[in-house]
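Participant: For reference, the structure I am asking about is given below.
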Amino acid sequence: MITTCVLYASRYGTTRDIAQALARILGPARASPVEGFVPGAGTCEFVVIGTPIYGEVPDPGVMRFVEDHLQWLTQRKVALFTSSLAPDSKGRYRTSLCRLIGPSLVSGTSLGGRLDMASLETADRAAMEAFASTTHSSFNKADTLDWSVVAAWGLRLKGIRDSLGCRLDNAQVRAEVDRFLRSHNTCALATAGDAGARATPIEYVYAGDCLYFLSEGGAKFANLLLNPHVSVCIFDPYHTMADVAGLQLTGTARLVDLQDATANSVLHAQHLTREKLGQLPFDLNIIEVHLERAELLLSALSKRGVDSRQVYDFPRPS
Ligand SMILES: Cc1cc2nc3c(=O)[nH]c(=O)nc-3n(C[C@H](O)[C@H](O)[C@H](O)COP(=O)(O)O)c2cc1C
């Protein structure tokens, strides 16, 4: 599995906090200050670099690190972010680093910053006071950091990271996903809405690009009424790292009319008939989840020389 290094410099903790949040999203990953970081041949395959902006330029320690380890960086894929109070939509704060890193750079972004005058060291406070007097502005505290932007970029990087691994071809990943789904029959179906986030243990039927669930009802239907987006998780009990096996799926749910043809095959698979349903003292409901993405983690795959983590995107319904 590809590992990631998130390397940063930070005077007052903002770039560090962003780097640590990104490392958690990108795991397996390590967040580390550039100072003291020793790159090695097998250290990591994907590198994220974060720098605060002071006086309109990146941190000198980050610049030095990139210059000193250019060869190591150019053998990897690199992403870059800046933390600054001013929005940097044109990316001018990172131009010098982008130029240095060159074609290895796969993504660059500007994230916000935070500033608390009370916690600044003397020289920084003096610089900020001088800046405030020339711009006729005054501020004690400023916060332009939007964590939802950090989360969205982290997920984008995760997509890039996943594409770098040793991948099975699409048909092979689908065959593995099919095999996993057919060799299990129970999952946790997660819904989210006004009833809160809810994971329901439930049996499933797998057919086509869909999972089907028979249910007498419950709080998940309150969530589905408001939000059709669901996640499904199926896994084997953990014994050792050598036999880890789990599948996370995302998809969109809808309710199936019991009179629909689709209902027949679901009932048949569950050894049920409409007559039997009619004898029940309550209604049964069928949920169909059209699958969108499967994220498979199978230790066994690494024995075949490919990543233990494989992602499959199901075809969009026409
Ligand atoms: C002396 C000083 C100079 C700064 N210069 C800039 C600047 O040129 N542009 C900007 O957008 N933000 C500037 N900032 C704000 C920082 O980039 C922001 O607070 C950042 O989040 C700090 O990151 P850190 O806590 O990881 O060091 C400056 C802050 C200080 C204290």
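Participant: Considering only residues that are part of a loop (DSSP other than H, G, I, E, B), surrounded by 15 or more Cβ atoms within 10 Å (Cβ to Cβ) and touching a strand residue (DSSP E or B) at 6+ places or on another chain (Cβ under 8 Å), which ones fall in segment 192-226?
Facilitator: Within segment 192-226, Tyr204, Asp209 qualify.
Participant: Strands (runs of 3 or more DSSP E) wholly in segment 82-185 with at least 2 residues that are within 16 Å of the ligand (Cβ to nearest atom) and surrounded by 15 or more Cβ atoms within 10 Å (Cβ to Cβ) - which ones?
Facilitator: Filter on segment 82-185 gives 105-111, 114-116.
Participant: To continue, here is another question. Checking Ala253 against (1) assigned to a helix (DSSP H, G or I); (2) open to solvent by less than 30 Å² (accessible area, probe 1.4 Å): exactly one of these is not met. Which one?
Facilitator: So Ala253 meets the others, but not (1).
Participant: Could you identify the single residue in Gly55, Gly61 that is at positive phi, touching a residue at least 12 places away in the same chain (Cβ under 8 Å) and more than 27 Å from the chain's Cα centre (by Cα)? If you could, list the steps in order and put the result at the bottom.
Facilitator: Working: Gly61 fails: at positive phi.
Sole residue among the options that is at positive phi, touching a residue at least 12 places away in the same chain (Cβ under 8 Å) and more than 27 Å from the chain's Cα centre (by Cα): Gly55.
Participant: Pull out all pairs, ordered by first then second residue, where Cβ-Cβ is under 7 Å, the residues are six or more apart or on different chains, the first lies in segment 1-12 and is closer than 25 Å to Ser302 by Cα and hydroxyl-bearing (Ser, Thr, Tyr), and the second is at pLDDT below 95 and open to solvent by 20 Å² or more (accessible area, probe 1.4 Å).
Facilitator: Listed by first residue and then by second, the contacts come to Thr3/Pro28; Thr3/Glu45.
Participant: Let me ask something else. Is it the case that Leu277 is in the same structural domain as Pro228 (by TED's automatic domain parsing) and part of a helix (DSSP H, G or I)? Can you show your working first?
Facilitator: Values: in the same structural domain as Pro228 (by TED's automatic domain parsing): yes; part of a helix (DSSP H, G or I): yes.
So Leu277 fits the description; yes.
Participant: From the list Ala29, Ala19, which one is within 24 Å of Val311 (Cβ to Cβ) and open to solvent by less than 70 Å² (accessible area, probe 1.4 Å)?
Facilitator: On the way: Ala19 fails: within 24 Å of Val311 (Cβ to Cβ).
Criteria check complete, one pass: Ala29.
Participant: Also: May I ask you to verify whether Glu288 is under 20 Å from Asn185 (Cβ atoms) and of a type in the set (D, E, K, R)?
Facilitator: So Glu288 fits the description; yes.
Participant: Something else now. For residues that are of a type in the set (Val, Ile, Thr) and touching a strand residue (DSSP E or B) at 6+ places or on another chain (Cβ under 6 Å), scanning just segment 230-243, find the one that is surrounded by the fewest Cβ atoms within 10 Å (Cβ to Cβ).
Facilitator: Checked segment 230-243; the qualifying residue surrounded by the fewest Cβ atoms within 10 Å (Cβ to Cβ) is Ile234.
Participant: Looking at segment 59-81, which of its residues are under 18 Å from Leu22 (Cβ atoms) and open to solvent by 10 Å² or more (accessible area, probe 1.4 Å)?
Facilitator: Scanning segment 59-81 gives Asp59, Phe65, Arg76, Lys77.
Participant: Looking only at strands (runs of 3 or more DSSP E) that lie completely in segment 1-56, which have at least 2 residues being within 11 Å of the ligand (Cβ to nearest atom)? Please lay out each step first, then the result.
Facilitator: On the way: elements: 4-8, 29-33, 46-54.
Per the criteria, 46-54.
Participant: Could you grab me the full set of residues in segment 270-315 that are free of Cβ contacts under 8 Å to residues at least 12 places away in the same chain and loosely packed, with under 10 Cβ neighbours inside 10 Å?
Facilitator: His271, Glu275, Gly278, Gln279, Pro281
The values are calculated or read from the model by the stated rules, or taken from the named source; none is laboratory data. From a predicted model like this one, the values you see are computed outputs, not experimental measurements. Cβ sites come from the backbone with ideal geometry, for glycine too, and all protein chains shown count toward neighbours. Side chains included, ligands, DNA and RNA excluded: accessible areas come from the protein's heavy atoms. Shrake-Rupley method; radii C 1.70, N 1.55, O 1.52, S 1.80 Å.
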